[in-house]
Structures are given as structure tokens and as C-alpha cells.
Amino acid sequence: MTYVMSDIHGCYDKYMNMLSKINFSCDDTLYILGDVVDRGNGGMKVILDAAARENVITLKGNHDHEAYVFLKNLTMPIDDPRACEFASVFRMWLSDGGNPTYESFIKLCDSEKETVLSYLNSLPVFEEIVICGRKYFLAHTVPEREKMLDFDRCRISDFIIGEPEYDKTYFEDTVIVTGHTPTELIDKSRAGKIWSKNNHIAVDCGAVFGNPLGCICLESGEEFYAD
């Protein structure tokens, strides 16, 4: 079976509970649509677990991108011309949820640090798959419809910080699946639940904000929630 979740944000216990709830096995595939790290304190554990599983495919979210940039530059010399600017934006990252990621990362052994940095650097920004004859476009987020339809105009940033138009159907023959925006901000009646409309499925249920972690099976459409 093929499962999709997003925005774990360091909620390691919810992540492990979800794997147990869906009876995740080597015959299944799990797509994590970005933002594995920041805000919660279990991001490193999630990365190390996902990196050890060949059937877990993680896409890049904005928090994953930022974490990689800052963590790989922790040893920047103080006399480097970029050091002052780096220190300023590094503090901004810490205050925007990066502190738990930083605190956890520096406690890792060297081989674990290498695994984390290599994994974060390797993340693709989108995947196109076909399940039961139906096309799916998976990404952390997508840009507005007009830009998405002119795909050559899209940049990497469009799939990690883009602002989808949830009220519009982008494609008749393809279902877009994203995270990034907690579903309660799309539709208050779907707070803590997966949202689906207009050939778009949004799976960020706001796990790090006290809601369950959501996951959907693409073959059956069944939704799963883990606290």
C-alpha cells in the first residue's frame, strides 16, 4: 500500500504510533511531504528512522531546507565574511522552531550527523506517481494554479513555500497532495483532519500544534490519525 503524511515536525512518538497503526511493512511505501524537523524535539529520530528505511521517501519542506543550510554551516569560521549575516539569520531560525533541531543535532555522534546532513541534502521537492491508474503529484506545497500550469516557470521554492489556491482545480486527471498548511487554515471544519476537494488532498493536520498526525492510503482513500 502507498501512504502519505506530512509535517511531522519532530513529533517522533506520533510518527512511530502511525507506523504501527497502518501496520507499515517492507511491502508498503510511505511518502513524507516535508517538514520532518523543527518545533518538536524528535526530528533527528524521525530522520534517522526514515533514512534507514528504503521504502520511506521524504520530500523537502521549507523547514528541512533551512535546517540543512544552518546545520551544515555550524562550523563556519568567525572571520568568514558571511559569519555576521549567518549569525543573524541563524538566530531567526532558532526562534522559528529550529532550536529543538539544533539542540538534538549537536548531541549526535559524527556518523549520525553525517547521515542527517546527507539525508536532508538529498530530498527531492516533488514526486509524480500513478496508483491504481490515477495520477498523483506529491509535494510539500505548490504555487498558484496559473504558475503550476506553466510548469517551466516553476522554481524549487514554489514547492517548499508556495501558496496553493485550494479553491481551484489545477488538473482534471491528476490529484495534488500537499502538506505545509494546517488543514484548519483551509477549512475550519477540518481542523485536525485531512482535507480533500478540487482534486487536492491536504494532509498537514497540525500534529505539532496538538492535533493528531494524519496519514492517507492512496489505494483505498482511508484516513488514519495518530496521537
Hey, can you tell me all the residues within region 56-78 that are more than 11 Å from the chain's Cα centre (by Cα), open to solvent by less than 10 Å² (accessible area, probe 1.4 Å) and of a type in the set (S, T, N, Q)? none
Test Tyr136 against the criterion of being in a strand (DSSP E or B), in contact (Cβ under 8 Å) with a residue 60 or more places away in the chain and among the hydroxyl-bearing types (Ser, Thr, Tyr), and give yes or no. yes
Got a number for residues in region 1-17 being among the charged types (D, E, K, R), surrounded by fewer than 24 Cβ atoms within 10 Å (Cβ to Cβ) and not in a helix (DSSP H, G or I)? 0
Going by the conditions given, is Lys113 of a type in the set (Lys, Arg), modelled with pLDDT of 95 or more and outside any helix (DSSP H, G or I)? no
How many residues are surrounded by fewer than 17 Cβ atoms within 10 Å (Cβ to Cβ) and assigned to a loop (DSSP other than H, G, I, E, B) if we restrict to region 42-55? 4
Are any residues in region 94-136 open to solvent by 70 Å² or more (accessible area, probe 1.4 Å), among the hydrophobic types (A, V, I, L, M, F, W, C) and in contact with a Phe, Trp or Tyr (Cβ under 8 Å, 6 or more places away or on another chain), and if so, which ones? Val130
Is it the case that some residue within region 18-32 is under 15 Å from Leu120 (Cβ atoms) and either open to solvent by less than 20 Å² (accessible area, probe 1.4 Å) or under 10 Å from the mean Cα position of the chain (by Cα) (or both)? yes
Grab the strands (runs of 3 or more DSSP E) fully contained in region 144-227, keeping just those with 2 or more residues being open to solvent by 20 Å² or more (accessible area, probe 1.4 Å). 195-197, 223-226
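The values are calculated or read from the model by the stated rules, or taken from the named source; none is laboratory data. Quick caveat: nothing in here was measured; it's all calculated off a predicted structure. With ideal geometry, Cβ positions are generated from the backbone for all residues, glycine too; neighbour counts draw on all protein chains shown. Just the protein is used for accessible areas: all its heavy atoms, side chains included, with ligands, DNA and RNA removed. Shrake-Rupley method; radii C 1.70, N 1.55, O 1.52, S 1.80 Å.
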